[in-house]
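The values are calculated or read from the model by the stated rules, or taken from the named source; none is laboratory data. Computed from a predicted model, the values in this text were never measured in an experiment. In this analysis, Cβ positions are derived from the backbone assuming ideal geometry, glycine residues included, and neighbour counts consider all displayed protein chains.
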Ligand SMILES: Nc1ncnc2c1ncn2[C@@H]1O[C@H](COP(=O)(O)OP(=O)(O)O)[C@@H](O)[C@H]1O
Ligand SMILES: [Mg+2]
């Protein structure tokens, strides 16, 4: 075990020395749905966020501290953009990242459980310093899915970072997870060491449209 850890460490060091090449391969491996950067983010449009707070997160101290980031807000306010941008920063700084929607994480874990290797999978994921869980709340979880999500969060608690995005406030998570107790236990672990960013306002997707009020997505 110790030897394996040492060898893995040295492989990562070599990766770092390959600078941008290693970064690009980590970005590919992370499977981001798009490429977004912090530089492209328009802080004037998203006035509910302090630029300094986000730029500080971009320094990635949260990864070293095994802390989480939770991005909450209505559709189109930039949650996925910021999650990707921070993930790409992490890749370029030499960290492995994996991006999936909450539904996709649950599918992955369900599959592992069916094959009797849930524990192995959670162990493997724990060695990835940053997992991004996008779109918690778009689709409600059945009890099995809720339990797998809880396991993912509690396994990583104080061990490795998560970035989670949701269009629903924490007060609605009981409904999403179909169980107030599971939701409360998960939120508790998720936010104990975390930066919570609440995004507000209209959808950036509709900003150039001449619409008085965007229709409610989802
Ligand atoms: N403040 C912003 N500055 C620049 N682009 C933004 C901003 N907010 C959102 N966008 C862009 O608008 C689109 C929707 O944002 P996204 O992050 O997917 O929203 P959400 O995940 O909150 O629904 C994306 O193309 C994103 O890059
Ligand atoms: Mg999104």
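Which one is farthest from ligand 2 (Cβ to nearest atom), of the residues in region 48-76 that are under 18 Å from residue 136 (Cα atoms) and in contact with a helix residue (DSSP H, G or I) (Cβ under 7 Å, 6 or more places away or on another chain)? Applying the filter and picking the extreme gives 68. Scanning region 132-159 for residues that are within 16 Å of ligand 2 (Cβ to nearest atom) and surrounded by 15 or more Cβ atoms within 10 Å (Cβ to Cβ) yields 132, 133, 134, 135, 136, 137, 138.
Please specify each residue of region 77-102 satisfying the condition of being at positive phi and within 10 Å of ligand 2 (Cβ to nearest atom). Scanning region 77-102 gives a single hit, 78.
Give the residues of region 63-79 that are assigned to a helix (DSSP H, G or I) and surrounded by 22 or more Cβ atoms within 10 Å (Cβ to Cβ), sorted by residue number. Working first, answer last.
Start the filter on region 63-79 by keeping residues that are assigned to a helix (DSSP H, G or I), which leaves 63-64, 79.
Matches in region 63-79: 79 only.
Residue 105 versus (1) more than 15 Å from the chain's Cα centre (by Cα); (2) within 16 Å of ligand 2 (Cβ to nearest atom): which is the lone unmet condition? Failing condition for residue 105: (1).
Pairs linking a residue in region 46-58 that is farther than 19 Å from residue 74 by Cβ and in contact (Cβ under 8 Å) with a residue 60 or more places away in the chain to a residue that is within 16 Å of ligand 2 (Cβ to nearest atom) and assigned to a helix (DSSP H, G or I), with Cβ atoms under 9 Å and 6 or more positions apart or on different chains, are 57/82; 57/86.
Test residue 154 against the stated conditions and say whether it is at pLDDT 95 or above and within 28 Å of residue 41 (Cβ to Cβ). Judged against the criteria, residue 154 is not a match.
If you go through region 80-102 and keep only what is under 10 Å from the mean Cα position of the chain (by Cα), more than 14 Å from ligand 1 (Cβ to nearest atom) and crowded, with 21+ Cβ neighbours inside 10 Å, you end up with just 97. The conditions of being more than 15 Å from the chain's Cα centre (by Cα) and modelled with pLDDT of 95 or more are met by residue 176.
Taking the stated definitions as given, is residue 162 within 15 Å of ligand 2 (Cβ to nearest atom) and touching a strand residue (DSSP E or B) at 6+ places or on another chain (Cβ under 7 Å)?
Working: within 15 Å of ligand 2 (Cβ to nearest atom): no; touching a strand residue (DSSP E or B) at 6+ places or on another chain (Cβ under 7 Å): yes.
The answer is no for residue 162.
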